[in-house]
Structure formats: C-alpha cells, structure tokens
1. Need one number for the range 16-76: average projected area of the convex hull over its C-alpha atoms, nm².
2. Measure out, as a whole number of angstrom, how far apart the alpha-carbon centroids of the range 44-75 and the range 119-139 sit.
3. Here are several values of Cα extents along the principal axes in Å: (1) 42, 33, 28; (2) 41, 36, 33; (3) 59, 39, 23. Which one was derived from the coordinates shown?
4. Once phi is turned into ³J(HN,Hα) by the Karplus curve 6.51 cos²θ - 1.76 cosθ + 1.60 with θ = phi - 60°, what whole-Hz value does each residue of the range 29-45 show in order, with x for glycine and proline?
5. Projected onto the charge dipole of the chain (+1 at Lys/Arg Cβ, -1 at Asp/Glu Cβ, origin at the Cα centre), which of 8, 36, 65 gives the Cα projection farthest towards the positive end?
6. Just the number: Rg to Rh for the range 1-50, Cα atoms, Kirkwood Rh, two decimals.
7. On the protein heavy atoms, probe 1.4 angstrom, tell me the percent of accessible surface of the range 1-115 carried by carbon and sulfur.
8. Grab the DSSP H runs of the chain that are 4 residues or longer, score each as -39,500 (n - 2.57), total them, divide by all residues and round the 222 nm result to the nearest 500 deg cm²/dmol.
Amino acid sequence: MSDFFKRIKWSTLISAILTMIIGIFLLARPDAAVATISVIVGWVLLISGVFSVIMFFTGKTLGFAYLNIVLGVIGIVLGLWIVLDPDFIANFIMVLLGIMMLVHGAIDLQSALEFKKFGGSRWGLDLIFAVLTMALGVLVIILHFNAAKLIMILCGISLILDAVTDFIIV
C-alpha cells in the first residue's frame with residue numbers, strides 16, 4: 001500500500017469515528033444538540049467580543065482599532081442574546097449545518113472521483129453516499145424553520161451513513 005493511501009486511511013478512520021460519535025449524539029439527543037450548538041456559538045461570540053473590547057482599551061489592537069471595538073460590542077450583544085435565548089439562533093445554525101453537509105458531501109464526491117482515478121474499488125459506494133449527504137444538506141436548509149429536531153435527526157443519520165461509508169472504504 002502506498003504511503004499516500006496509508007495517510008488517507010488513518011485520517012479517514014479518525015474522521016469516521018468522530019463523525020459517527022457526533023451522528024449518534026445528534027440522533028439520540030436532537031433537542032440537546034440544538035441547544036448545545038446555540039450556547040457554544042453564543043459563548044464564542046461573547047468571549048471574542050470581550051477580548052476585542054479589552055484589546056481596544058489596552059491599545060493592543062493592530063490596524064483598524066475602531067473596527068475592533070464595533071465588532072467587539074456586536075459580539076458581546078449577540079453572544080449575550082444567544083446565551084440567554086438559544087432558540088433564537090437555532091434556525092440560523094440549521095442553515096449553516098445544512099451548508100456544512102453540502103460542503104462535506106461535495107468533498108466526499110471529490111474523494112470518490114479521486115478514488116476512481118487511483119483505481120479504488122469502492123468509489124461508487126462513496127459516490128452514492130456523497131450524493132445522499134448533499135441531498136440531506138439541501139433538505140436541512142429547506143426545512144430549517146420549526147424543524148430543528150427533525151433536522152438534527154437527519155443530520156445524525158447523514159453523519160452515521162458518512163462514517164459507515166468511510167469505514168467501508170478504508
């Protein structure tokens with residue numbers, strides 16, 4: 001086995017394990033997944049906003065100092081809003097998740113075509129699951145309103161299918 005395939009095998013296995021874990025969590029606890037993702041986004045915005053404001057007042061900003069204070073205040077306000085009301089951002093996160101699924105499916109599609117090019121034997125299966133992942137991504141984007149629970153379940157299924165495909169390929 002060439003060194004190229006060995007490196008791909010290990011990175012694919014690690015990615016598949018993590019994808020499987022996330023997929024199972026999304027499938028088992030869709031409500032908790034939505035709330036968790038929302039709160040994490042809120043805290044990231046809040047903390048980065050606080051750091052931007054601190055950097056502005058300590059004079060440690062580079063370049064566009066006033067832009068840092070504006071973005072810092074926006075980050076603090078949005079972060080607090082999301083942390084205090086995580087359902088607010090849930091629909092937006094669903095759209096982002098759908099986009100991520102589309103991108104991941106497109107990357108898997110490219111990988112399938114690369115496997116075909118290098119003579120991989122199971123590229124067709126990877127191609128099928130890549131298309132399924134992209135289709136589920138489109139479904140997530142379309143159904144983002146009031147369907148966070150269903151979307152989390154669909155994302156979980158998609159991630160599990162993606163992980164299974166990766167396990168089969170390597």
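The values are calculated or read from the model by the stated rules, or taken from the named source; none is laboratory data. Keep in mind that what you see is a predicted model, and the values were worked out from it rather than measured. Here Cβ is always computed from backbone atoms with ideal geometry, including for glycine, and neighbour counts include all displayed protein chains. Each accessible area value is taken on the protein alone, full model and side chains, heavy atoms only, with ligands, DNA and RNA left out. Shrake-Rupley method; radii C 1.70, N 1.55, O 1.52, S 1.80 Å.
1. On the way: hull surface 22.4 nm².
That works out to 5.6 nm², a quarter of the Cα hull's surface.
2. Centre-to-centre distance over Cα atoms comes out at 42 Å.
3. Correct label is (3).
4. 9, x, 5, 5, 5, 4, 5, 4, 4, 4, 5, 4, 4, x, 5, 4, 4
5. With unit charges placed on the Cβ atoms, the residue in question is 8.
6. 1.25
7. On the way: 5670 of 7290 Å².
Carbon plus sulfur share of accessible area: 78 percent.
8. Values: 6 runs with 148 residues, N = 170.
-31000 deg cm²/dmol, from helical runs alone.
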